[in-house]
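Beneath this line is the structure, given in structure tokens, with notes to follow.
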Amino acid sequence: MADPASYLTAKVASMVGGLFGGFAILTFIKPKTIGEAFMRGGMSVGSAMVFTQPLLVMADISNNWESQLMGGFVVGFLAYTVLGMVANFLQKNQNKDIVQVVKDVKKD
């Protein structure tokens with residue numbers, strides 16, 4: 001089993017990377033409210049904490065704090081972007097039923 005201190009260091013590095021990734025995309029995609037910015041930032045940090053380690057294992061990258069920071073940045077950046085796209089899609093189609101949404105998607 002891994003040393004608890006190294007595990008904690010890896011998680012903190014992932015979370016900091018996710019925060020920086022969320023901040024980076026925040027400069028391009030402006031949130032509508034402060035609450036939305038905090039919500040997406042929290043999702044970036046949480047996603048980075050959970051998904052950085054599997055990303056590094058899949059990419060066969062060494063597991064050190066620099067890699068955790070870099071991986072967290074990538075995951076945080078992507079999480080903020082994907083969350084924004086899904087939220088915009090759902091907001092755009094909130095008053096439609098699923099059949100109409102499928103027809104609209106097929107039409108585009």
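The values are calculated or read from the model by the stated rules, or taken from the named source; none is laboratory data. Please read these numbers as outputs of a predicted model, since none were measured by experiment. Backbone-built Cβ (ideal geometry, glycine too); neighbour counts: all protein chains shown. Surface areas here come from the heavy atoms of the whole protein model, side chains and all, with no ligands, DNA or RNA. Shrake-Rupley method; radii C 1.70, N 1.55, O 1.52, S 1.80 Å.
Observations on the structure shown:
- Taking the listed residues Pro31, Pro54, the one that is open to solvent by less than 70 Å² (accessible area, probe 1.4 Å) and out of contact with any helix residue (DSSP H, G or I) (no Cβ under 9 Å at 6 or more places or on another chain) is Pro54, with no other qualifying.
- Filter result for Gly18 (surrounded by 15 or more Cβ atoms within 10 Å (Cβ to Cβ) and in contact with a Lys or Arg (Cβ under 8 Å, 6 or more places away or on another chain)): no
- Residue in region 63-83 that is without any contact (Cβ under 8 Å) to a residue 60 or more places away in the chain, loosely packed, with under 13 Cβ neighbours inside 10 Å, over 21 Å from Leu8 (Cα atoms) and of a type in the set (A, V, I, L, M) present: yes
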